[in-house]
Ligand code: HEM
């Protein structure tokens with residue numbers, strides 16, 4: 001007994017010494033104000049519990065109120081400086097590779113593969129980033145990708161049964177689109193089996209990354225091996241075809257044709273493909289789902305977007321594919337997409353590590369520290385967006401009179417790591433909304449409880465939170481409180497008319 005009391009006192013004594021030493025060091029360094037919390041755990045528990053509340057940015061809001069838009073904290077085992085300041089965020093993004101670098105823990109690298117674009121640095125990163133950009137730029141989308149985006153989304157919507165999990169369908173759509181863009185595969189049994197393994201890999205990003213304790217992480221590592229094996233068979237086959245002169249105009253074709261460093265190895269190509277599959281998957285599908293959610297909560301916006309798409313449809317024949325000019329005429333849809341990305345982008349910001357001591361806004365961030373540039377914190381700041389926490393797509397209209405300073409709206413990041421899929425994601429979202437609103441009428445009398453994710457890419461943690469939006473719960477779905485249920489009534493169309501005039505569908509977000 002006496003020994004244990006002694007141990008407790010000793011531990012408390014050590015903790016006090018630790019805190020005193022740490023805070024005097026912070027004062028010496030002129031760190032941004034803030035609190036490093038408890039020894040070792042820091043403020044990680046506050047962060048986790050904050051996101052279980054009904055506020056969109058509870059952890060950040062609280063600290064911005066107390067310390068300002070640049071503050072120090074300690075999360076996930078490391079001291080970290082949070083920036084909710086657009087100027088500092090821009091500084092972080094623009095100094096990639098010079099003052100800041102991305103850093104992911106080994107557990108994430110194991111799942112991504114060591115040759116992933118997300119992990120690359122220096123000249124190789126520059127080269128591969130521009131290769132990816134050139135593959136997903138506007139003219140490639142216009143001339144090659146749009147036709148498949150339109151066709152595959154239509155196909156997916158055709159397959160909807162009476163009850164649809166919207167988020168799941170959105171994920172399926174984005175996976176199918178990426179498989180087509182990367183390797184020219186249309187959806188088939190093989191792609192569906194690959195998707196099942198791939199979903200297990202994605203789960204691994206959001207699990208405790210310790211194989212001994214986490215079956216999810218163990219399963220993810222196994223699934224990653226299976227995905228890599230399946231993709232390397234494809235790469236081998238395509239290499240043979242490419243050598244015999246048969247070339248396809250997709251990402252894999254571009255990688256096989258590259259003669260840099262004597263060409264890429266199969267392993268490098270597979271890692272690269274996996275990274276692209278990962279990067280566009282949750283991001284685009286969540287945005288699709290949230291756009292539908294916001295529209296159903298904002299009947300005026302829903303009516304306006306419907307009108308825009310009905311007008312496009314009216315000029316086209318039944319089932320005629322969308323063209324680039326149609327996409328370009330979706331001006332209000334672009335406002336909806338921007339507003340969705342502003343208010344609820346699942347990439348709330350980006351982590352970086354300082355490569356040297358950094359002086360910013362009169363403070364010093366020591367070498368080796370983590371920084372988090374919060375995009376969502378800025379997007380939800382009333383200083384930059386009037387009534388910032390309200391979904392208002394009209395704010396993006398040219399004649400709205402609202403001005404948004406440059407670098408304040410950064411859903412796709414910026415600088416050397418600007419998302420190469422920024423245009424592709426917008427096109428995919430717009431085409432999805434086009435087919436959804438012209439083929440279904442969404443009833444607004446639904447209610448839901450929404451489960452949403454907070455992604456910390458560098459630590460691979462996903463927290464579930466109950467969203468801050470207010471919902472009603474449809475009676476028959478109260479058994480699944482973590483999902484949202486939307487009743488959708490499909491409009492009479494030729495195919496469906498043959499079966500029955502109206503087909504009721506429940507879509508679960
Ligand atoms: C709504 C959809 C999307 C959002 C919000 C989004 C957002 C972002 C953001 C913020 C970054 C910067 C990460 C950083 O700086 O560390 C990023 C990077 C990236 N995104 Fe996206 N993205 C989306 C869709 C896509 C799609 C469809 C693709 C497929 C081509 C894609 C591919 C990538 C890649 C490869 C990177 C890494 C770039 C690099 O590290 O050089 N993204 N994305």
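The values are calculated or read from the model by the stated rules, or taken from the named source; none is laboratory data. If you're wondering where the values come from, they're calculated on a predicted model, not measured in any experiment. Cβ coordinates were reconstructed from backbone atoms using ideal geometry, including for glycine residues, and neighbour counts include every protein chain displayed.
Assorted remarks:
- For the stretch 239-249, filtering for residues that are in contact with a helix residue (DSSP H, G or I) (Cβ under 6 Å, 6 or more places away or on another chain) and in contact (Cβ under 8 Å) with a residue 40 or more places away in the chain leaves 0.
- Within the stretch 294-307, the presence of a residue that is in the same structural domain as residue 59 (by TED's automatic domain parsing), within 16 Å of the ligand (Cβ to nearest atom) and over 30 Å from residue 386 (Cα atoms) is excluded.
- Residue count for the stretch 79-112, restricted to those that are away from the ligand (no atom under 13 Å from the Cβ) and either over 27 Å from residue 264 (Cβ atoms) or assigned to a loop (DSSP other than H, G, I, E, B) (or both): 14
- When 106, 97 are checked against the criterion of being over 20 Å from the mean Cα position of the chain (by Cα) and modelled with pLDDT under 90, a single residue qualifies: 106.
- Some residue of the stretch 190-203 being within 20 Å of residue 150 (Cα to Cα) and touching a helix residue (DSSP H, G or I) at 6+ places or on another chain (Cβ under 8 Å): yes
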